[in-house]
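K.L.:
Below: one structure in structure tokens.
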Amino acid sequence: MIILQPMHRLTLILFLALFIPNASFAEKPNVLFIIVDDLTTTLGCYGNAHVRTPGMDALAARGVRFDRAYTQFALCNPSRCSFLTGCYPEKTGVMDLTTSLRKALPEVVTLPQHFRIHGYATGRVGKVFHVPDPKTKLDVELGSALHRDNEILTEAKAANDPDDKPRTKAKGDGYNRTYAASSRQAVDFTDYAIADDAIATLEQFKEKPFFLAVGFIRPHTPFVAPKAFFEGIDKTKLTLSPFYREGGEDLAQLPNASLRPNNNVFRYAAPTRDEARDALQGYLASTSFVDSQVARVLEKLGELRLAEKTIVVLTGDHGYQLGEHGLWAKQTLFEGANHVPLIISAPGVKPGARSGLAEQVDIYPTLCDLAGLPKPKHLQGRSLKTMLDNPSAKGKQVAISTMIAPHTKQTGHSVRTDAFRYIVWEGGEELLYDLRSDPDELHNLAKVPAQGERIARMRQRLAAHLKAISKR
């Protein structure tokens, strides 16, 4: 029997610690990244009393909810290219629905690629990239049958209102009101199939570290879901935006670029108040439905005993205007279209809420830090790990969003601080809102003399930001 002296025992312990893998330290955390199309902050965990979202609320209860998180571009392709590369839209060069991120960044390593390079099993299910990226080759790549819910809408509209016929091609395809309750069961819908595929992929990946991105479709139009989810929203208690209240809202002072055509929900005629309330019910019902499918995936994660070693990130690809300023769409620079839910649950991170500013471009570096991976040099976002670890840590000074108005083609930017939103459009038209006293963005302070110094600071901050990201 060999008896080691104390110094020799210490040497042996250090040797074992350095050269023999320790499961508690060597085990890589999994990543489940959930992206919900057109999802704004109309969730129970964000204070909406009318919607039912127990799945996402439960995730928020065991994770960190960011109350002031913002997209970099309120449109699917630019937004997704931004957070999947960790670069602002000015860097990705993607400002529309058709441009590939590879045009400006041919060699950039996307977020899923980065995890695959570092030994992870990787997959994407449903809608992750808007324009498929041929260089992001993953172990599992499953799309979604986007036509399915449109067909269900046609069926539901015919059953609910036989007189509401689709327009002919000469007048434009589709319905004026793209929402309806369906008699179909949940299993018939696109998001149910996406959840099924995500669950099957979790089963496939359960024995190894994985990165799985899951992109759900609703509440993107059409706002269609099983009837039970519509019945769960009491339409009589829904409050419409000031635009639909007595006296309405004067839009004459707003720049034309701010008021994009409503071709998402009301394509051919402006809605009445009743139709606006119906649309809001449809959006919330669709949100409740997609929540039920998110819950199925999270439940599977728990069944496989993976929840405690999996980082879960949930966000919308951007927000959505739900009647504010008469808008039913994305592609604006107002709060509604740019404010997004962001929930992060991670091993060792205590649950809670954060009021500091965050941006979706920060997701990529945050996941690198949480998983212990090196951060690529191209990243322009800032890791949120400090905010996750320390509830009192401050957020960013500003959150920046970009937009190209679809009807005027003007480029615009917004600068969000803790209290204000500043908007400037190409040509020099400016808006300034104090969101503490004016959350509905009704009173433009840009020309108020007392706000002159603040306007100057906003201009400087935006100019400094655009200059900085052009150099990186």
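Each reported figure results from applying straightforward, stated rules to the coordinates on display, with no laboratory input. All figures in this text were calculated on a predicted structure; none of them were measured in a lab. Here the Cβ is made from the backbone with ideal geometry for all residues, glycine too, and neighbour counts use every protein chain on show.
K.L.:
Taking the structure as given and computing Kirkwood radius over Cα pairs in Å, which label from (1) 23.4; (2) 26.3; (3) 22.7 fits?
P.N.:
From the options (1) 23.4; (2) 26.3; (3) 22.7, the structure gives (1).
K.L.:
Now for a separate question. How compact is the range 315-472 by the rule of thumb for globular proteins, expressed as Cα Rg over 2.2 N^0.38 Å?
P.N.:
Scaled against compact globular proteins, the figure is 1.12.
K.L.:
Give the relative contact order (percent, whole number) for the range 70-209; include only Cα pairs under 8 Å separated by 6+ residues.
P.N.:
Relative CO of the range 70-209 lands at 18 percent.
K.L.:
I want the local charge near residue 28. Using Cβ-Cβ distances under 15 Å, sum +1 for each Lys or Arg and -1 for each Asp or Glu among the other residues.
P.N.:
With Lys, Arg at +1 and Asp, Glu at -1, the neighbours total 0.
K.L.:
May I ask for the distance between the Cα centers of the range 304-375 and the range 93-123, given as a whole number of Å?
P.N.:
The range 304-375 and the range 93-123 have Cα centres separated by 19 Å.
K.L.:
Classify the range 97-137 from the C-alpha gyration tensor, please: rounded if a/c falls under 1.5, else prolate or oblate depending on whether a/b exceeds b/c.
P.N.:
Judged from the Cα gyration tensor, the range 97-137 comes out oblate (a/c at least 1.5, b/c at or above a/b).
K.L.:
Among 222, 162, 140, whose Cα lies farthest out toward the positive end of the dipole of the chain, if unit charges sit on the beta carbon of Lys, Arg (+1) and Asp, Glu (-1)?
P.N.:
So the residue furthest toward the plus end is 140.
K.L.:
Indicate, rounded to the nearest 5 percent, the antiparallel portion of the DSSP beta bridges found entirely in the range 28-390.
P.N.:
Close to 25 percent.
K.L.:
Could you work out the relative contact order of the range 21-102? I mean the mean sequence separation of Cα pairs under 8 Å and 6+ apart, divided by the number of residues, in percent.
P.N.:
16 percent
K.L.:
Also, I was wondering about something else. Provide the packing ranking of 179-190, 231-242, i.e. peptides ordered by the mean count of other C-beta atoms within 10 Å per residue, highest first.
P.N.:
Put in order of decreasing packing, that is 179-190, 231-242.
K.L.:
Determine the sum of side-chain charges near residue 210: Lys and Arg each +1, Asp and Glu each -1, restricted to other residues whose C-beta is under 12 angstrom from that of residue 210.
P.N.:
My count for the surroundings of residue 210 gives +3.
K.L.:
Mean separation of Cα pairs under 8 Å and 6+ residues apart, divided by the residue count of the range 28-390: what relative contact order is that in percent?
P.N.:
34 percent
K.L.:
Tell me the angle of helix 147-160 to the major Cα principal axis of the chain, expressed in degrees between 0 and 90 and rounded to the nearest ten.
P.N.:
40 degrees
K.L.:
Considering only the other residues whose Cβ falls under 12 Å of the Cβ of residue 430, what net charge follows from Lys and Arg at +1 and Asp and Glu at -1?
P.N.:
Residues close to residue 430 contribute a combined charge of +2.
K.L.:
For the residues 175, 433, 283, what sequence is obtained by ranking on other C-beta atoms within 10 Å, fewest first?
P.N.:
In increasing order of surrounding Cβ atoms, one gets 175, 433, 283.
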